[in-house]
1. Considering only residues that are closer than 17 Å to residue 350 by Cα, touching a helix residue (DSSP H, G or I) at 6+ places or on another chain (Cβ under 7 Å) and not in a helix (DSSP H, G or I), which ones fall in the range 379-399?
2. Out of the residues in the range 243-284 that are within 22 Å of residue 28 (Cβ to Cβ) and in contact with a strand residue (DSSP E or B) (Cβ under 6 Å, 6 or more places away or on another chain), state the one that is farthest from ligand 1 (Cβ to nearest atom).
3. Output the residue which, of all residues in the range 239-259 that are in contact (Cβ under 8 Å) with a residue 60 or more places away in the chain and more than 27 Å from residue 128 (Cβ to Cβ), is farthest from the chain's Cα centre (by Cα).
4. Do we find that residue 191 is away from ligand 2 (no atom under 16 Å from the Cβ) and part of a loop (DSSP other than H, G, I, E, B) in this structure?
5. For the range 195-212, give me each residue that is surrounded by fewer than 22 Cβ atoms within 10 Å (Cβ to Cβ) and not in a loop (DSSP other than H, G, I, E, B).
6. Just a yes or no: is a residue in the range 499-521 farther than 26 Å from residue 582 by Cβ, assigned by TED's automatic domain parsing to the domain that holds residue 565 and outside any strand (DSSP E or B)?
7. For the range 134-154, give me each residue that is away from ligand 1 (no atom under 14 Å from the Cβ) and in contact (Cβ under 8 Å) with a residue 24 or more places away in the chain.
8. Can you tell me which residues in the range 184-197 are within 25 Å of residue 238 (Cβ to Cβ) and modelled with pLDDT of 90 or more?
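The values are calculated or read from the model by the stated rules, or taken from the named source; none is laboratory data. Predicted model, so just to flag it, every value in this text is computed and none were measured. Heads up, the Cβs are rebuilt from the backbone with ideal geometry, glycines too, and the neighbour counts pull from every protein chain shown.
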Ligand code: ADP
Ligand code: MG
């Protein structure tokens, strides 16, 4: 068979360009990436050989060999792992299948520095070789197959595939160094790079020359070593390898359980948010090992989905080595390990929240919305997550916990008030919270979509019901207003006048409102909408409709009038004037539309709205 010339998928071309540009001061990374892939390949073959021992490499077992050819100016990283078939070479090295790639590419700014930071989160992988190479050759033979293939590319838009010879299964990646990259031909330089980036790799990495072979790395799995022997850098490097990411871990949790169930876990919480965190297919990234043998990274039950940002490994002593991936579903041992790990993670997060609130705020901004899914999905997690949850509130710019909130509640308050919407800034300016502010009653500002779901599922905290300020039936008169606010109460329209105005509004608005009421929750705005008790919250209704749930019934709302607002006071004076009845009606309709706009809702009849607005403006201007 002759050679095939193929084109990279368009995304690869882009990623390649970015990688090469962003690695210029960090080129040695390529070696780490090649070693990381070689180690993954050995792990995969070791797993396959559990059921097919014939696939095990002979000799001294799995290994990675690095060699240089000074004459040809090339570095080769060779492994005896699983190898790649003809089609896999094309698929794995010619396309990018990872979820989130498109999002990643869209988020790039074109600014080299910013993009370099982004690529750090994405992971560069195999393509890093092109940062130092003028050409890369990959010769690979898949375990269990006889034919080997060569993949080669100069990094432009194309790569070649042709038949090749290789005595044993595995992969050799040969990087033909570009001008100026001779440092990577020096043994000392290579040893140094391997030591600093790949010492945690559990497979022996040897430097091979014509007459000598010497091991560079320690060669034992990092998580099996005593904690005291592991440096922060080694943990970091392990995290980069296992997580396929570049950022630093925000939290490292290395724990060993002995007793009824025995396992070691080395888990990390990233310091930045992965691109695909909210992708529907996103699963956790915790790899399962059994007695140091890699089994799978698809053991779904190992972590709940609300901890899907966690990366790392779990190494079990109790599961059988020949455990199949199917056997891992609903496995009692796995469930127990998960339970224990979730507890440990919660405990670590709680510690951080107490000790380093500012660092914790970073975590919360990244992953709080995901963690809160646990409040909806897993009732056994309510208590710890409610403790860990942080909120924006009307109290200031700092994040608050529910415990903070409760501690600050004024006398007589027995509910926890919140308002939900899309944008915290808009929420803080909502008319519905004016009366709470003026009375010093704190309101939580909930702006994650998941909030609409967990709040009804959880219902209360510390026996205090969570209550939306946009629902009717909140009596604010029991809280005292600040003095300055109380003074302005003197300017309120009197009750009898307001009663007449309310009646008038009801007649005008008819079916378009559920009720009209005098409000005690407004100070600055003239009107606002609230939901009747038992009706769906305003924001939830809008959100469901935006998500395409067209059959969500649109509940009519209660319109509340602010008796202290000059406009409302003025209107009370018009009620008994037959000559003014038209302008009063039109104003009532305008105010209802205004309340809808404040909610972020559309107005049903924009043409009528404009006509009314003009009418009222005209009246105002002409006398
Ligand atoms: P990642 O390692 O994050 O998946 P890479 O760009 O490093 O991304 O590698 C892409 C894919 O190519 C790997 O997922 C793997 O399937 C394949 N691959 C790369 N190097 C090897 C190797 N030495 N042996 C077998 N497969 C490999
Ligand atoms: Mg890789």
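1. 389, 390, 399
2. Result: 249.
3. 257
4. Answer is no for this residue.
5. 195, 196, 206, 207, 208
6. Within the range 499-521, one or more residues are farther than 26 Å from residue 582 by Cβ, assigned by TED's automatic domain parsing to the domain that holds residue 565 and outside any strand (DSSP E or B).
7. Hits for the range 134-154 are 134, 135, 147.
8. Passing the criteria: 184, 187, 188, 189, 190, 191, 192, 193, 194, 195.
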